[in-house]
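What follows is one structure encoded as structure tokens, with my remarks underneath.
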Amino acid sequence: MSRIKTQSSCPISNTLSHLGDKWSLLIIRDMMFLGKQNYTAFMESPEGISTKILAQRLKALEDEGIVSKHRDPDNQSKNIYQLTEKGIDLMPIVVEMSIWSTTHVDGVDVNAGHMNAIREDKAAFLKTAMKRLKNQLKAF
């Protein structure tokens, strides 16, 4: 269960309290859509997260049960991060945020990433993507 004490009974306020900030959502995005699993890969994201913020957000997401951390079997000195079931359940929300952004925010690349597949058949995209992420859980 969550370690954050709720300040409000509002579902949106509580969701934001548990997810943190934009950096947490960008880490989740990278894991969902880009398959990133390690610290170095997260650092390569174009938004330019600092190492201190990345470490803090990964720890917070781990504490919240949204991501889990495991030793890399190929390099025991490194960690692999992956979304938990709780984290995977955020995918429909992240997809809807992406759709909203491509519809209402100027300068957003409407063809970026998985947007064409999402527009073509959102339900099929979600089913396939969530299944892929859940299959990764079986590896650990």
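No value in this document is a laboratory result; all are computed from the given coordinates. Keep in mind that this is a model prediction, so the values were computed, not measured. When we count neighbours, we look across all protein chains shown, and the Cβ atoms used for this are built from the backbone with ideal geometry, even at glycine.
Suppose we keep only residues that are in a loop (DSSP other than H, G, I, E, B) and without any contact (Cβ under 8 Å) to a residue 40 or more places away in the chain within the range 99-115. Which one would you say is surrounded by the most Cβ atoms within 10 Å (Cβ to Cβ)? Looking at the filtered set, the residue picked out is Val108.
Applying the selection to the range 56-87, what residues are among the β-branched types (Val, Ile, Thr), assigned to a loop (DSSP other than H, G, I, E, B) and buried (at least 20 other Cβ atoms within 10 Å of the Cβ)?
Ile66 - this is the single residue of the range 56-87 that is among the β-branched types (Val, Ile, Thr), assigned to a loop (DSSP other than H, G, I, E, B) and buried (at least 20 other Cβ atoms within 10 Å of the Cβ).
Only residues that are within 18 Å of the chain's Cα centre (by Cα) and not hydrophobic (A, V, I, L, M, F, W, C) were counted across the range 107-121, and they come to 2. Scan the range 75-121 for residues that are over 21 Å from Lys138 (Cβ atoms) and in contact with a helix residue (DSSP H, G or I) (Cβ under 7 Å, 6 or more places away or on another chain) and the total you get is 13. From the list Ser45, Ser77, exactly one residue is under 14 Å from the mean Cα position of the chain (by Cα), without any contact (Cβ under 8 Å) to a residue 40 or more places away in the chain and more than 22 Å from His18 (Cα to Cα). Which is it? Testing whether each residue is under 14 Å from the mean Cα position of the chain (by Cα), without any contact (Cβ under 8 Å) to a residue 40 or more places away in the chain and more than 22 Å from His18 (Cα to Cα) leaves just Ser45.
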